[in-house]
């Protein structure tokens, strides 16, 4: 799939993975992959077209008949094998994410460890999930929904490839995957892992192409029963609308504008560094980033001083340097998008506490953004309403706990939220009133058995654990006389 050009290190990728083999692309459109640290071409990928997608769907359909009848034990064995091969290639997966996407090496490695462990988490969830339930003379079985189309984003491509595929495998579904077209090098390493695992032919088919070509074919094709998508609200709405023609089952994770509430009894020496880490994770290109920091008005001056003190620990720079906390934006388009929001914040009257427009000093090449913190932000400002997807934090003040809850919930999103304080009962009371799919207390926490997904415009359905597996299953009731 990947070959070197004669004179340089530009990789050429010309195949897709269908029915257990790397096959030549039917599509002919070629796309340059740009390294975000310097704007140089590092790869050229031949994109899939509708015919490639149809071939992949046909392979998955052929394989579904036998794979859907496998036992829990057989699927668990596959999941353990997938964990083994992905875990063995964590270094390669990390290096690909750093080079192609610009993810910091520390964050990328954590994410790739998660990509390996998600297979074991799915195995555990499958073991705990009863696939048959009975009462009286009625039996209910949970049946694989069919061929699943999995569509992953560029900000965590390999992780979501693993997470979505693990749940589909656990449920007994075969798959056609459309990874982000911006992530072919990461996808290639991941595919080498899968090929090494020697999976049943047709279980995993991967076609790298544009969303409006390959993604659209998955959504409209009647042989695809389920779509699991992570990405923008606009694309998610299109999938939901167009999928109704063939009664697609959908799971949509569509981003967020997550609030992070610091209660008035919080220790700022601990809470502020954590809040900055939550805001700037994955260089700010994270759907769960806590980009609205809600602080007590009476402690605003303390918060400002604490932020300025803590910012030294969040430098932008070479993502391959372990000391770097914020890497480049993935593309020039994304860099310009973040810059436009910074300008908009200034125009609307927010104050730049640190950061601002332009490149960080010494990082004029590539798509680097100054990690930026705005204060004097009100929740009606554009920078507080819209998902920026960059290292931009909005500090918003509140008067009372009830005021903080109101501001936190005053958003079209509802993916994630954070609350910090010393009074555990009070923190839990606030957390219980937040309209978000996940709420983390006193830190940046994760649990791969916990459901992940959002309220409101943050999406439909849940991923991970038994909740994620159930999203690929349909209940069938058999009633006897």
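No value in this document is a laboratory result; all are computed from the given coordinates. The shown structure was predicted, so the numbers you read here are calculated from the model rather than taken from an experiment. Cβ sites come from the backbone with ideal geometry, for glycine too, and all protein chains shown count toward neighbours.
Between residue 26 and residue 376, what is 0.36 nm times their sequence separation minus the Cα-Cα distance? Round to one decimal in nm.
Stretched fully, the residue 26-residue 376 segment lengthens by 120.6 nm.
Among rounded, prolate and oblate, which fits the chain when a ≥ b ≥ c are the square roots of the eigenvalues of its C-alpha gyration tensor, a/c under 1.5 means rounded, and a/b larger than b/c means prolate?
oblate
Ignoring everything except DSSP H segments at least 4 long, calculate the 222 nm mean residue ellipticity for the chain; use -39,500 (n - 2.57) per segment, divide by total residues, nearest 500.
So the calculated ellipticity at 222 nm is -12000 deg cm²/dmol.
By how many degrees, between 0 and 90 and to the nearest 10, does the Cα long axis of helix 157-171 differ from the longest principal axis of the chain?
Orientation of helix 157-171: about 50 degrees from the principal axis.
What list do you get for 264, 410 if you sort them by fewest beta carbons within 10 Å?
The most exposed by this proxy come first: 410, 264.
Which order do 204, 394, 193 fall in if you start with the one that has the fewest other Cβ atoms within 10 Å?
Fewest to most other Cβ atoms nearby, the residues stand as 193, 394, 204.
Would you mind calculating the relative contact order of the chain from Cα pairs under 8 angstrom and at least 6 residues apart, reporting the percent as a whole number?
Details: 1128 pairs, mean separation 85.4, N = 481.
Reported relative contact order: 18 percent.
Order 20-27, 432-439, 308-315 from most to least packed using the mean count of other Cβ atoms within 10 Å.
For the peptides 20-27, 432-439, 308-315, the packing ranking is 432-439, 20-27, 308-315.
For residue 301 and residue 141 in the same chain, what is the full-extension length gain: residue separation times 0.36 nm, less their Cα-Cα distance, in nm? Walk me through the intermediate numbers first.
On the way: separation 160, 0.36 × 160 = 57.60 nm, distance 5.87 nm.
Gain on extension, residue 301 to residue 141, equals 51.7 nm.
For Cα pairs less than 8 Å apart in space and 6+ apart in sequence, what is the mean separation divided by the residue count of region 23-94, i.e. the relative contact order in percent?
The normalised contact order for region 23-94 reaches 22 percent.
Does region 133-277 classify as rounded, prolate or oblate by the C-alpha gyration tensor (a ≥ b ≥ c root eigenvalues; a/c under 1.5 gives rounded; else a/b over b/c gives prolate, otherwise oblate)?
In terms of gyration-tensor shape, prolate.
Step by step: find N for region 315-418, compute 2.2 N^0.38 Å, then divide the Cα radius of gyration by it. What's the final number?
Dividing the Cα radius of gyration by 2.2 N^0.38 Å gives 1.16.
Cα axis of helix 300-310 to longest principal axis of the chain: angle in degrees, 0 to 90, nearest 10?
60 degrees
What length, rounded to one decimal in nm, is gained on full extension from residue 133 through to residue 336, with 0.36 nm per residue of separation minus their alpha-carbon distance?
67.7 nm
By its C-alpha gyration tensor, with a ≥ b ≥ c as the square roots of the eigenvalues, how is region 25-158 shaped: rounded for a/c under 1.5, else prolate for a/b larger than b/c, else oblate? Numbers along the way, then the final one.
On the way: a/c = 3.10, a/b = 1.59, b/c = 1.96.
Because a/c hits 1.5 or more and a/b fails to exceed b/c, region 25-158 counts as oblate.
Any idea how far the Cα center of region 179-256 sits from the one of region 411-481, in Å?
Answer, in whole Å: 23.
Taking the 0 to 90 degree range and rounding to the nearest ten, how far is the long axis of helix 332-347 tilted relative to the main principal axis of the chain, both from C-alpha atoms?
On a 0 to 90 degree scale, this one is about 30.
Under 8 Å for C-alpha pairs, at least 6 residues apart: give me the relative contact order for region 259-448, rounded to a whole percent.
The value is 27 percent.
Taking neighbour counts of Cβ atoms within 10 Å as a proxy for exposure, in what order, fewest first, do 470, 463, 196, 128 appear?
Taking fewest neighbouring Cβ atoms as first place, the list is 128, 196, 470, 463.
State the antiparallel share, in %, of DSSP beta bridges confined to the chain, rounding to the nearest 5.
Roughly 45 percent of the beta bridges in the chain run antiparallel, per DSSP.
So what's the gap between the Cα centers of region 277-291 and region 358-403, to the nearest angstrom?
11 Å
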